[in-house]
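A short reminder: the numbers here are calculations on the coordinates, not readings from a lab. All values derive from a computational prediction rather than experimental measurement. Cβ placement follows ideal geometry from the backbone for every residue including glycine, while neighbour counts extend to all protein chains displayed.
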Amino acid sequence: MSNFSVEELAKFQDVFYKFDENDDGRISLNEAMHAFRLLGFSPNVGEVQEMFTEKESLHKGSLDFPQFIQILEKNLKTPDSTEEIIKAFETLDPKRSGYIRASDIYTIITSLGDPKINSEEVNEMLREADVKKNGVINYREFAKKLGES
Ligand SMILES: [Ca+2]
């Protein structure tokens, strides 16, 4: 049903239900926007609203968990800023050292599914970015380079 791992889904669920204060399994547009930001996603309001109208649900003006996930998935596929890419890298760098393994960067970039970048190009960029040739990359620099490409 989704491209997310079990761990990610558990985290999303956690946040979703945290915002669902009255426990009816649905959150409002405002709550949803807060939840997205908390999770490091930044869909625009229009896009989220579109989801509401598309669904024509009985519960206009609120999202259930599957809809919430659908919006996250859409945004995963179209990262719109360097900041978002950096956030994705940071999840693998809990100590905020600024460096992660090239192989992890590769996994993240290819899972973002950006059609503009193919895996060959990612490999090439990683080789260039690995200045110390130790398989570890300064991911902020790398994200900036990606944004420029
Ligand atoms: Ca609710």
If amide H atoms are modeled at 1.01 Å from N in the peptide plane, then the residues at a separation of 5 or more from Ile100, or on another chain, having amide H under 5 Å from its own are Ile137, Tyr139
For Ile85, Ile71, what's the fewest-to-most ordering of other Cβ within 10 Å of each Cβ? Ile71, Ile85
Could you calculate the FRET efficiency of Asp64 with Thr91 from 1/(1 + (r/R0)^6), where r is the beta carbon distance between them and R0 is 35 Å, rounded to 0.05? 0.85
Using the beta-carbon distance between Ser119 and Asn44 and R0 = 30 Å, what value does 1/(1 + (r/R0)^6) give for FRET efficiency, to the nearest 0.05? 0.55
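Please order Ser62, Ser119 by the number of other Cβ within 10 Å, starting at the fewest.
On the way: Ser62 17, Ser119 10.
Ordered from fewest to most neighbouring Cβ atoms within 10 Å, Ser62, Ser119 come out as Ser119, Ser62.
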